[in-house]
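What follows is a single structure, written as structure tokens, with notes after it.
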Amino acid sequence: MASSLKVSMVSAEHEVWTGAATMVVAKTVIGEIGLMAGHQPMLAILAQDGEVRMTLPDGEKLTASASDGFLSFENDTVTIVAGKAELR
């Protein structure tokens, strides 16, 4: 079983989603980035038409739109702060 990430996504107005995921893929201004447990710490700016795809521990997939913000990764914790974000 893959190790889990702690994921927190918030918009300027509310918490969008918090939970565990085995993988997070996000569209940034320099392209897509895929994150799994053990990835090096990083900070990225979300693309204007940003999308975040999360694979949950049970295999379920979640997709969210997220733009006008950033993604931070450290110690297997993904934090997404966006001006606009919502689950699709």
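The values are calculated or read from the model by the stated rules, or taken from the named source; none is laboratory data. Since the model is a prediction, treat every value here as computed from it, not as a measurement. Cβ: placed from backbone, ideal geometry, glycine included. Neighbour counts: every protein chain shown.
Identify the residue in the range 1-48 that is in a loop (DSSP other than H, G, I, E, B) and in contact with a Pro (Cβ under 8 Å, 6 or more places away or on another chain) and, among all such residues, is surrounded by the fewest Cβ atoms within 10 Å (Cβ to Cβ). I'd like the intermediate steps shown before the answer.
We begin by selecting, within the range 1-48, every residue in a loop (DSSP other than H, G, I, E, B); these are 1-4, 12-14, 22, 29-30, 36-41, 47-48.
Remaining after also requiring in contact with a Pro (Cβ under 8 Å, 6 or more places away or on another chain): 1-2, 4, 22.
On the way: Met1: 5, Ala2: 11, Ser4: 16, Thr22: 17.
It comes out as Met1.
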Report every pair of residues separated by at least 6 positions or lying on different chains whose Cβ atoms are under 7 Å apart, first residue within the range 6-21 and modelled with pLDDT under 95, second surrounded by 11 or more Cβ atoms within 10 Å (Cβ to Cβ) and in a strand (DSSP E or B).
Ala12/Gly83
Tell me, yes or no, whether the range 75-86 has at least one residue that is among the hydroxyl-bearing types (Ser, Thr, Tyr), in contact with a strand residue (DSSP E or B) (Cβ under 7 Å, 6 or more places away or on another chain) and surrounded by 18 or more Cβ atoms within 10 Å (Cβ to Cβ).
no
